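Q: Shown below is the structure under consideration.
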Amino acid sequence: MATPMQDSEVRSRLLALLTEIAPDIDPATIDPRRQLRDQVDFDSMDRLHFAVAISEAFHLDIPEQDYPQLGTLQSACEYVQGRSGGR
Amino acid sequence: MQIDFRLPSLGADMESATLAQWLKQPGEAVRRGEAIAVVETQKGLIDVECFEDGTVTALDVAPGAKVAVGAVLARLSVAGTAAAAVASAPQPPPQAPPAVVAATPATPGAPREAAGTGGLTRISPAARRRAQELGVSLEVLAQQAAGGVLHIEDVERLAARAQAPAEDARSAMRAVIGSAMARAKREIPHYYLGLTVDFGPAREWLARQNATLPIQERLIEGVLLTKAVALAAARIEGFNGYFREGRFERVAPVHVGSAIALRGGGLVAPALLDADRKDLKTLMREFSDLVRRVRAGRMRSSEFTAATITVTSLGEEGVETLYPIIHAPQVAIVGAGRIAEQAWAQAGAVVVRPLLHLTLAADHRVTDGRSGSRFLQAIAALLADPEKL
């Protein structure tokens, strides 16, 4: 990517992905620094769906050992920016 | 040949559902397994599938109407000889036997839940005005009342309920779970067994597999467990099937109900069909699809009626051990606690391993501890040798 994406842009795209895979989540209530597992009962399948959605939306190959870095909205945001910017 | 398309029971304690939408119109062809209607239940929206090939000739219920289990939703014209149609029409699908309620449609709740839009609803003039003030559709009110006279209080009650749907759905779900579990506890003589399993081999095998797979095809631990339970249930008699009318009915296909927690509270346990005969990749794809549809509130009727055994897991953040309650008319449920690193004795040394506490709740009318023990050990043996899954 030519210019690194803005934090707010990445975050809003991640929120959109989140509500796509789990329409029963109210995005307005998401605390970006809390584990999704704790605040919206993300289970292992939700976590995988989120990783797949991020991988497809941002064209990233995400190895399994990186999943923990997608645990909060904030950490996922940093992960995507780090990986996208590093190219 | 005309046949009735009726609302199936989609759970042991379902008495009625609200018709949300017709997916077919009179004159349209339907195929076996195709959804005809969407109904709203306490478990969310469910696609009600047809079990015959044919053509829709009439729709008997309007969207918004509350319908009792067993009531006629639509009429179909089906192909084939009259004799064949007569023989097959009243039959449920071979792999989806009706749940217990279907056999006893005269439930205590039935009288106030009139089937379909049978009765005419009268709305008092004051109630009509109040409905307009509150912006409540008279049509919806009439359908919810399903007969009888609507007064101003009814309008206000219904309007209030429409404003607090989430709270209402939660307490309705809790009530459904409560009565299903109370019945299971009352009627099924449960026995419980537990076994600790070293999940290391399964976890290591999974990590190796996933490292080579594109992210869309990676597997999760729950799929290995589902497959192991399905294979064990196919091999060891007495855990796959139904207890109905005083006896155990063994079922050949293994449809594993998978308990999935709902974020609003409560849970559903739709089935993964023929889990013993599908490879892990297929099971994973179907499980993934199931969770997506549960999250979106969109399930299929066959998934609710089909499970022959259930697996329930509290996930990574849960406790070590759970003691589940059997979903009648099934006769067994396998519980999986959190997989956590713990001390484990192995070859004379204490090592740290990821341990899984497996529990079995089974029906003493069908099996006893000895076969239950063999069943749990069969699951453990499969998890120890994941190549065979």
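Q: Only counting other Cβ atoms within 10 Å, I'd like A:38, B:47 sorted with the fewest neighbours first.
A: A:38, B:47
Q: So, one more: Counting only other residues whose beta carbon sits under 11 Å from that of residue A:46, what net charge do I get with K and R as +1, D and E as -1? Don't skip to the answer; put the middle values down first.
A: Values: positive: A:37, A:47, B:263, B:292, B:295; negative: A:24, A:41, A:43.
Result for the local shell: +2.
Q: Right, something else. Any chance you could check the Cα centroid distance between the range A:28-87 and the range B:259-291 for me, in angstrom?
A: 22 Å
Q: Let me ask another. Pick out, in residue order, every one of the GluC sites (Glu not before Pro) in the range B:243-307 that is DSSP loop and has at most 14 other C-beta atoms within 10 Å; say none if there are none.
A: On the way: sites: B:245, B:249, B:286, B:303; in loops: B:245.
Here the sparse-neighbourhood loop sites are B:245.
Q: Next question. Enumerate by residue number the trypsin sites (Lys or Arg not before Pro) in the range A:8-84 meeting two conditions: DSSP loop (anything except H, G, I, E, B), and at most 14 other Cβ atoms within 10 Å of the site's Cβ.
A: Sites meeting the loop and neighbour criteria: A:33, A:34.
Q: In nm, give the distance between the simple-model label positions of residue B:263 and residue B:208, each being 7 Å from the Cα along the Cα-to-Cβ direction.
A: Each label point is offset 7 Å from its Cα along the Cβ direction, giving 3.7 nm.
Q: Using 18 Å as the cut-off for backbone N distance, which residues of the range B:253-279 belong to the label zone defined by a point 7 Å from the Cα of residue B:23 along Cα→Cβ?
A: The answer is B:270-273, whose backbone nitrogens lie closer than 18 Å to the label point.
Q: Arrange A:5, A:45 by Cβ neighbour counts within 10 Å, fewest through most, would you? Could you put the intermediate results ahead of the total?
A: Numbers: A:5 16, A:45 23.
The fewest-first ordering by Cβ neighbours comes to A:5, A:45.
Q: For the range A:7-85, max minus min Cα coordinate along each principal axis, in Å, sorted largest first?
A: That gives 30, 26, 20 Å along the principal axes, largest extent first.
None of the figures in this text is laboratory data; all of them are computed from the coordinates on show. Predicted model only: the values in this text are computed from it and were never measured. Neighbour counts are summed over all protein chains in view; Cβ atoms, including those assigned to glycine, are modelled from backbone coordinates with ideal geometry.
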